[in-house]
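I have placed the structure first, in the form of structure tokens, so that the comments after it can refer back to it.
The values are calculated or read from the model by the stated rules, or taken from the named source; none is laboratory data. What you see is a predicted model, and the numbers here were worked out from it, not measured in a lab. For neighbour counting, all protein chains shown are included, and Cβ atoms are generated from backbone atoms with ideal geometry for every residue, glycine included.
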Amino acid sequence: MSEFAGKVAVITGGTGGIGGAIAQAFAAAGAKVIVTGWGDEELAARRADPDFAGIAIHALNVGDTEAVKAFAASVERCDYLINCAGVLVRGPEAGSEEAYAHCFDINMLGTVRMCEAFMPHLLASDTPAVVNTASINSIFGTGTASAYSASKGAVALATKSMAIAWAPKGIRVNAVAPGFITTAMSADAKNAPEFYDRVCKRTPMGKWGEPRHLAGPVLFLCSAAAEWVTGVILPVDGGYSVS
């Protein structure tokens, strides 16, 4: 029997590409899975998706502190908290004050809100683990999505700081740092031939990743095999960050 059988995984952004792949992997491993998402079209698509049968789907804006608290209060148990909700601002407005405020509110503070709201649940678990979603842009700057990059850098440092602060409580906190992954959020970039080819050439494994490539690393970070692992920002990028 899988070690995840009977456990509960809560995944923000779980109706999206990466979060959705992680949700399906936890469900396949026997966990009860609760996902959140935002946007009527995306929520409706997942509710109609047979691959999401048995997965509880909730609308949640992680930028709303009271909504996050209310959602946490409605959840009886959480052994694994996976923070995947995120936004990206690209283009001429990417470095504006508004873009920075929006990206930090959702990407960074949304993660913090969820962690704080689910602290009691994690303390009650015998296998508590948090996995946040950083990015290779936590490492590299970018002139076309500067607010996003800065917010993901903050997620990485918040993860390390939480890992130190929460270790005495028995809660491990790690993050994955996806590289260039084929999702709805990255569609514009992938559909720009010159940029797409440049990423492939820079990536040692020679291609963009798929959402499913994040599932295994996240399950590992939540598993007993990673019981001595905390504060790690794990790149899942086909080698992009080391080339």
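For region 167-224, the set of residues classified as in contact (Cβ under 8 Å) with a residue 60 or more places away in the chain, aliphatic (A, V, I, L, M) and either closer than 18 Å to ALA23 by Cβ or touching a Pro at 6+ places or on another chain (Cβ under 7 Å) (or both) consists of VAL176, ALA177, ILE181, ALA184, MET185, LEU214, ALA215, VAL218, LEU219, LEU221, listed by residue number. Quick check, is TYR148 farther than 23 Å from TYR240 by Cα, in contact with a Ser or Thr (Cβ under 8 Å, 6 or more places away or on another chain) and assigned to a helix (DSSP H, G or I)? No, not satisfied.
Only one of the listed residues (ALA145, ALA134) is closer than 28 Å to ASP79 by Cβ and surrounded by 19 or more Cβ atoms within 10 Å (Cβ to Cβ). That residue is ALA134.
Restricted to region 26-44, and to residues that are assigned to a helix (DSSP H, G or I) and at pLDDT 95 or above, which residue is surrounded by the fewest Cβ atoms within 10 Å (Cβ to Cβ)? Residue satisfying both the conditions and the ranking: ALA44.
For region 113-131, how many residues are more than 17 Å from the chain's Cα centre (by Cα) and either surrounded by 20 or more Cβ atoms within 10 Å (Cβ to Cβ) or modelled with pLDDT under 95 (or both)? Selection size over region 113-131: 1. Beta carbons closer than 7 Å, at least 6 apart along the sequence or on distinct chains, pair a first residue in region 5-28 that is free of Cβ contacts under 8 Å to residues at least 60 places away in the same chain and closer than 21 Å to VAL68 by Cβ with a second that is among the small types (Gly, Ala, Ser) and in a strand (DSSP E or B) for THR15/GLY37. The residue that is farthest from the chain's Cα centre (by Cα), among those in region 151-165 that are surrounded by fewer than 21 Cβ atoms within 10 Å (Cβ to Cβ) and without any contact (Cβ under 8 Å) to a residue 60 or more places away in the chain, is ALA165. Scanning region 77-100 for residues that are loosely packed, with under 13 Cβ neighbours inside 10 Å and touching a residue at least 12 places away in the same chain (Cβ under 8 Å) returns a single hit, GLY91. Just so you know, in region 45-60 the residues that are part of a loop (DSSP other than H, G, I, E, B) and surrounded by 16 or more Cβ atoms within 10 Å (Cβ to Cβ) include one that is nearest to the chain's Cα centre (by Cα), and it is LEU60. Does LYS160 satisfy the condition of being under 30 Å from ALA101 (Cβ atoms) and out of contact with any Pro (no Cβ under 8 Å at 6 or more places or on another chain)? In short, yes.
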